[in-house]
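Scroll down for the structure; my scribbles are underneath it.
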Amino acid sequence: MTTLIADPSAIPASPDVEVAQIMSAIYGDGILGLKGAFNREWVRELGEDLAVLYQAALARPGGAVGRGTNRHYVEIHPEDIRGFTVFVTHPWVRAVCGAVLGPQYQIVEIGFDVPNPGAKDQPWHRDFPAEHETLINRRLDSLAFNLTTVDVEADMGPFEIAPGTQWDDPSSFDHGMFAPKALYGRYEARAQQKMPKMGDISVRSALTMHRGTANTSSKARPVLVLGVDAPGAGHHEKHDLQVTETFCQTLPEDVRQHMLCRVLPQLEPITQGHTIEGLMMGDA
């Protein structure tokens with residue numbers, strides 16, 4: 001695959017976003033979006049790359065991690081997709097990372113989710129347990145960016161999120177991540193289903209309660225995922241971000257300084273360390 005190091009034409013002009021607006025959204029609802037962040041042709045090419053990577057992952061033992069019935073997650077190498085640098089240098093992405101995580105934010109994960117036809121409702125969950133920084137200091141130290149590669153329709157298993165629940169007490173959660181069914185009513189009352197179009201992007205706290213819903217269509221719904229941490233958050237330990245020495249040299253310096261990754265002569269197969277076992281113990 002050919003890597004596009006820079007393609008300004010992929011990014012339509014976007015309005016300035018105030019730090020107060022970013023912080024209000026992430027610390028309030030726990031999610032923020034930008035419509036039309038990328039042009040559709042750029043997203044179409046990204047979707048082509050993900051389709052190839054998905055088939056390769058399915059053919060490799062341990063290449064695709066189950067996230068429920070007919071759902072997979074695949075962690076990838078940045079240079080496996082043509083648009084990595086375009087994605088992480090988008091002004092809105094940079095602005096959000098800097099506002100929430102600080103100027104030394106760290107890119108720790110790149111991958112994609114695929115809810116296939118027949119995927120069922122996931123249980124309400126967080127992507128990892130809340131740590132001291134959040135529970136005691138009320139600080140959010142990680143972000144998850146999502147970019148759909150298709151126009152999402154109501155029957156394709158839209159992502160569902162319960163705004164404001166990143167602050168919920170996890171003392172009754174299984175493994176600190178999975179809410180008991182007694183709390184489902186709270187989340188269902190708040191639930192918002194997201195149906196973005198190609199080119200739209202969103203960012204959320206991975207602690208905000210969410211789930212994938214049932215895909216009753218005949219179409220898959222691939223979505224690119226970028227994980228970003230504040231220094232010391234530690235989520236890189238669950239991932240294995242890698243770049244080759246050659247690719248690293250092509251990255252702008254202001255991208256390299258934000259990459260928390262291994263730099264290798266040759267890429268190695270990724271052993272997924274963040275399997276979220278609870279998503280394979282039965283759908284909601």
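Values as computed for the structure displayed
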quantity: Qualifying residue in segment 59-69 (condition: assigned to a helix (DSSP H, G or I) and modelled with pLDDT under 95); calculated: yes
quantity: Residues located in segment 73-88, provided they are modelled with pLDDT of 95 or more and either at positive phi or not aromatic (Phe, Trp, Tyr) (or both); calculated: Val74, Glu75, Ile76, His77, Pro78, Glu79, Asp80, Ile81, Thr85, Val86, Val88
quantity: Residue that is nearest to Thr85 (Cα to Cα) [pool: residues in segment 4-21 that are at pLDDT 70 or above and in a helix (DSSP H, G or I)]; calculated: Ala10
quantity: Residue ranges of strands (runs of 3 or more DSSP E) in segment 105-161 with at least 3 members within 25 Å of Gly28 (Cα to Cα) and either touching a Lys or Arg at 6+ places or on another chain (Cβ under 6 Å) or of a type outside the set (A, V, I, L, M) (or both); calculated: 142-148
quantity: Among the candidates Gly157, Gly176, residue that is on the phi > 0 side of the Ramachandran plot and in contact with a strand residue (DSSP E or B) (Cβ under 8 Å, 6 or more places away or on another chain); calculated: Gly157
quantity: Qualifying residue in segment 68-77 (condition: over 18 Å from the mean Cα position of the chain (by Cα), surrounded by fewer than 21 Cβ atoms within 10 Å (Cβ to Cβ) and within 28 Å of Ala191 (Cβ to Cβ)); calculated: yes
quantity: Hits in segment 70-86 - residues which are touching a Leu at 6+ places or on another chain (Cβ under 7 Å) and either of a type in the set (Asp, Glu) or within 24 Å of Gln266 (Cβ to Cβ) (or both); calculated: Val74, Ile76, His77, Asp80, Ile81, Arg82, Gly83, Thr85
quantity: Top-ranked residue of segment 97-111 - restricted to ones that are more than 15 Å from Val223 (Cα to Cα) and either free of Cβ contacts under 8 Å to residues at least 60 places away in the same chain or among the charged types (D, E, K, R) (or both), ranked as surrounded by the fewest Cβ atoms within 10 Å (Cβ to Cβ); calculated: Pro103
quantity: Residue satisfying condition, being closer than 27 Å to Val263 by Cα and free of Cβ contacts under 8 Å to residues at least 40 places away in the same chain, within set Arg82, Arg138, Arg94, Arg60; calculated: Arg94
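The values are calculated or read from the model by the stated rules, or taken from the named source; none is laboratory data. Note that the coordinates shown come from a computational prediction; the quantities given were computed from them, not determined experimentally. Here the Cβ is made from the backbone with ideal geometry for all residues, glycine too, and neighbour counts use every protein chain on show.
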